[in-house]
Amino acid sequence: MPRYTVHVRGEWLAVPCLSSTNTIRWLGKEAVRRYMKNKPDNGGFASVEEVKFYIRRCKGLGLLDLDDTVEDALEDNEFVEVVIEGDIMSPDFIPSQPEGVHFNFIMYPKLKGVFLVQYISLDGNSLTTEDLVNLGKGLYKIKLTPEAEAKVNQSREVIERIVKEQTVVYGITTGFGKFARTVIPNSNLRELQVNLVRSHSAGVGKPLSPERSRMLLALRINVLAKGYSGISLETLQQVIEAFNASCLPYIPEKGTVGASGDLAPLSHLALGLIGEGKMWSPKSGWADAKYVLEAHGLRPITLKPKEGLALINGTQMITSLGCEAVERAGAIARQADIIAALTLEVLKGTTRAFDTDIHAVRPHRGQVEVAFRFRSLLDSDHHPSEIAESHRFCDRVQDAYTMRCCPQVKTDFYFFPKMVFAERAETISGGNFHGEYPAKALDYLAIGVHELAAISERRIERLCNPSLSELPAFLVTEGGLNSGFMIAHCTAAALVSENKALCHPSSVDSLSTSAATEDHVSMGGWAARKALRVIEHVEQVLAIELLAACQGIEFLRPLRTTTPLEKVYDLVRSVVRPWIKDRFMAPDIEAAHKLLVEQKASGMCSRTVWEVAKPYIEKYRREHIPESRPISPTAFSLGSLEIHTGVGHNHRHRDEC
């Protein structure tokens, strides 16, 4: 007998279909009838017949024809949603489809009619930040290495022996936190683990996106694969099956203090895996976890002794969000150099500030690399620029700090946090669940990446200010009738100001919890979330500068800039036309923002600014510094944490290069 899972006003109902001739309208009415039956006031309706509704699929939100038969329109156990006309959505309503979800349709290589699924083999030690982000995007499935399976089995044998011998061990045969001295009888050990997960599922706020939930789940699997937690191989394989099916629990983003692990988020993760709470999959949308698992042929996990604790005791919320932050910060930092070089051209600046000898005096490797990128994009001998030639004999001696100090300010700060995210055995008994290390790294990351926006906003001001740029005010003709980039600059200023508050370190705060058992905490969850917010603001500010710099080029035509920067200009103009007169600007900013977000791994076709400029940078590297190699993140010392804002003043202009 076919059965369908129907979403009505935030509740999920299983509706069996007795006849293949039943229509979609019948399915909707039957779901509403069952909904009314469960409500003391019939849900506010006098009868089913008075309810007007339409029905859509949870996957893709496609509308269904009410007169079609369920047999023709739906697959067995498909998830659908009844939308009642006139309903006003409650603020706490959970939509069946998360906002902003993009499905990744991946064409795998085909061999003799069989599609080959790509896997990442986890051993607990080899996972990279790039791997984790790609797992979050759904580009790979997971399996364990044989070595990891052996370690997991070995550690589980220790747990089984403890239980058999009735040894008193924290979290296995005792309560938790303040109840550590309360011994639990063997008959209640499974209940102990379920109670732990249920009681600790106390998070609040919006759920993590599917991509971030996948990252969190993947990283937890990776830690469990180390073989230190005592989880059974059977249970771990069930967790992996849920990941591979994209069955993702509802995980509120708020509630962790980042010590004794990210207890609330990971408890919500575990709650879905045991078939309770909400869960999401591309097939079902949001639904009761037991229904989602069942729709994918999976069983809820039955927790054995120690396994609840094994699932929730780690810093994977902090670390998974931190890995995304590191990858995005690295991407925008590279592209910030390209955008700044384009602005320097428009403002007719000099390349003397990027001379090799200047940066050799202060051998900060990040500074040296940023200066190199500027030379590779602006070197007149390598890439002739008509714009540069137009002011070769001008009388200016030096540029403002926002242009000539870019290498000193925009050093590759993201190398330091990347060292911190090397996987550690968070689940070893002791204090490795404390999130202080990643919390501090993410606080530093937020401060470092913020400077990209701070200096970018000042360059936007110079582009828009005619007394500084020698360009039309706010980069538009007929000023007064048109306002041009006036408010776009205000938006950039607002984002930079907001970032200043977000850059206050969360790791300097601590509140005692768990009856003073956990008396020092990291607040690393907030460090990770605000770092991501800072990075998003930085991306948006740089998108505005990119648009402004390209608009500045329009007023310098027919002169052309260097070849790589012309390619960047062409990329922008492929999605945003020149600003001739005022129009709706927000879509232009969003279009430019998409050009700065790494998209290749997510299956999106558009190129980024970095992908356009990178071949020219690397060619320049090969031709001018044949012995150089890309900078290794692990090569940086703690000395590379410094951010400086000044260089010498006696730099000649480009006419004496």
Residues that are more than 30 Å from residue 199 (Cβ to Cβ), β-branched (Val, Ile, Thr), open to solvent by less than 30 Å² (accessible area, probe 1.4 Å) and without any contact (Cβ under 8 Å) to a residue 60 or more places away in the chain: does region 337-354 have at least one? no
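Here are 418, 440, 410: which of them is modelled with pLDDT under 80, open to solvent by 40 Å² or more (accessible area, probe 1.4 Å), farther than 24 Å from residue 311 by Cβ and among the charged types (D, E, K, R)?
Just a single option satisfies the conditions, and that option is 418.
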Over region 356-366, the set of residues open to solvent by less than 50 Å² (accessible area, probe 1.4 Å) and without any contact (Cβ under 8 Å) to a residue 60 or more places away in the chain is 359
On the basis of being closer than 19 Å to residue 238 by Cβ and under 20 Å from the mean Cα position of the chain (by Cα), does residue 266 make the cut? yes
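Confirm whether residue 256 is in a loop (DSSP other than H, G, I, E, B), in contact (Cβ under 8 Å) with a residue 60 or more places away in the chain and either assigned by the TED database to the domain that holds residue 195 or crowded, with 24+ Cβ neighbours inside 10 Å (or both). Walk me through it before giving the result.
Values: in a loop (DSSP other than H, G, I, E, B): yes; in contact (Cβ under 8 Å) with a residue 60 or more places away in the chain: yes; either assigned by the TED database to the domain that holds residue 195 or crowded, with 24+ Cβ neighbours inside 10 Å (or both): yes.
Taking the combined requirement at face value, the residue satisfies it.
So that you can scan it fast, the table gives a plain yes or no per residue for (1) assigned to a loop (DSSP other than H, G, I, E, B); (2) touching a strand residue (DSSP E or B) at 6+ places or on another chain (Cβ under 6 Å):
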{"position": "1", "(1), (2)": "yes, yes"}
{"position": "12", "(1), (2)": "no, yes"}
{"position": "18", "(1), (2)": "yes, no"}
{"position": "43", "(1), (2)": "no, no"}
{"position": "49", "(1), (2)": "no, no"}
{"position": "60", "(1), (2)": "yes, no"}
Of the conditions (1) hydroxyl-bearing (Ser, Thr, Tyr); (2) modelled with pLDDT of 90 or more; (3) open to solvent by less than 10 Å² (accessible area, probe 1.4 Å), the single one that residue 302 does not satisfy is (3)
(1) among the acidic types (Asp, Glu); (2) open to solvent by 30 Å² or more (accessible area, probe 1.4 Å); (3) touching a Phe, Trp or Tyr at 6+ places or on another chain (Cβ under 9 Å) all hold for residue 276 apart from (3)
Within region 21-70, restricting to residues that are within 28 Å of residue 280 (Cα to Cα) and among the hydroxyl-bearing types (Ser, Thr, Tyr), the one that is least open to solvent (accessible area, probe 1.4 Å) is 35
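Determine which member of the set 315, 256, 302 is more than 20 Å from the chain's Cα centre (by Cα) and of a type in the set (Val, Ile, Thr). Show your work before the answer.
Values: 315 fails: more than 20 Å from the chain's Cα centre (by Cα); 256 fails: more than 20 Å from the chain's Cα centre (by Cα).
So the residue among 315, 256, 302 that is more than 20 Å from the chain's Cα centre (by Cα) and of a type in the set (Val, Ile, Thr) is 302.
The values are calculated or read from the model by the stated rules, or taken from the named source; none is laboratory data. Only a predicted model underlies this, so the values are computations on that prediction, with no experimental measurement involved. We place every Cβ from the backbone using ideal geometry, glycine too, and count neighbours over all the protein chains shown. The accessibility values were calculated without ligands, DNA or RNA, using every heavy atom of the protein model including side chains. Shrake-Rupley method; radii C 1.70, N 1.55, O 1.52, S 1.80 Å.
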